[in-house]
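Shown next, in structure tokens, is the structure this report addresses.
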Amino acid sequence: MIRANTKYTRENPSPQSISLIKQYQELHDENKFKGISLNNHIKSIGDLVKEHNIKSLLDYGSGKGYLYSDEFKIVNPDLKEPLQKMWKIDKLKCYDPVYKEHSEYPTDTYDMVISTDVIEHVPEEDLTWFINDIFSLSKKFVYLNIACYPALKHFKDGTNVHVSIFSPQDWIDFIIKLWKENYKHLEIYLVAQYQEMKAVPVIIKKESKKNA
């Protein structure tokens, strides 16, 4: 079970979160976090973009976001163009607080917010505000991919970079709880990976005004 915690906020994160930010910045300096994990979700997200007529998109926790840049072929040589062009997105924002180029916090809301291989890097005590923050920046749709197993990467002290490892059902229960509190107007597509390339996909449908 994931425990809700309202003590911390984006402006006032937990001491562990502050410590981890410094360590993630060091990994970025070692040229980690190019946005490779997004490769596994290109088709799924592209299909949803088309289905829901998504014109603006925020990648929350984008890392370096190479797949949206002129460097896209470094991450995926098979692509012919950056993802925003492939998906026909008019407005794109990459946000990652530990990477200087994308560290500016979004000042707008977006049709779709995606976050792939990010949430498991957040300490449990910060998960409530972090996921609520993602939800608050979306107008229509949220796509979440969460790994439920240890990562291959480690910090210098040997600690695994996946600091919040829970079962797929724990994530489903927690996210539905937060969604029910304030975000029933959103549709959520959650991919909880229990092994590499094996996942439990869950669609949380928005509530119509009739049923709200």
Per residue, in Å², the accessible surface of the chain once ligands and nucleic acids are set aside, probe 1.4 Å: 52
Mean separation of Cα contacts under 8 Å, 6 or more apart, over the residue count of segment 31-132: relative contact order %: 32
Accessible area of segment 48-103 belonging to carbon and sulfur atoms, whole % at 1.4 Å probe: 47
Diffusion constant of the chain at 4 °C, which comes from Stokes-Einstein with the Kirkwood Cα-pair radius and 1.567 mPa s, µm²/s: 74
Kyte-Doolittle mean at least 1.0 and Cα axial length at least 30 Å: DSSP H helices in the chain: none
Which listed pairs, of K32/K73; K50/K177; K55/K88; K85/K206, have C-alpha distances above 18 Å, in listed order: K50/K177; K85/K206
Exposure of H185 as accessible area (Å², to 10), given a probe of 1.4 Å and all protein chains: 90
Under 5 Å, built H, 5+ apart or other chain: amide partners of Y143: V113, I114, S115, Y189
Backbone HN-Hα couplings from phi across segment 188-195 [Karplus 6.51/-1.76/1.60, Hz, Gly and Pro as x]: 10, 10, 10, 10, 9, 8, 8, 8
Mean ellipticity per residue at 222 nm, deg cm²/dmol - from DSSP H runs of n ≥ 4 across the chain, formula -39500 (n - 2.57): -8000 deg cm²/dmol
Dipole in debye (nearest 20) - segment 109-179, about Cα centre, beta carbon charges: Lys, Arg +1; Asp, Glu -1: 220
Cα-based reach from K156 at 15 Å (exclusive), listing aspartates and glutamates while leaving out same-chain residues under 8 positions away: E26, D29, E30
K80/E51 FRET efficiency (R0 22 Å; Cβ-Cβ; nearest 0.05): 0.50
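The values are calculated or read from the model by the stated rules, or taken from the named source; none is laboratory data. Note that the structure is predicted; figures quoted are calculated from it, not measured. For neighbour counting, all protein chains shown are included, and Cβ atoms are generated from backbone atoms with ideal geometry for every residue, glycine included. Ligands, DNA and RNA are stripped out before the accessible areas are found, and what is left, the full protein with its side chains, is counted by its heavy atoms. Shrake-Rupley method; radii C 1.70, N 1.55, O 1.52, S 1.80 Å.
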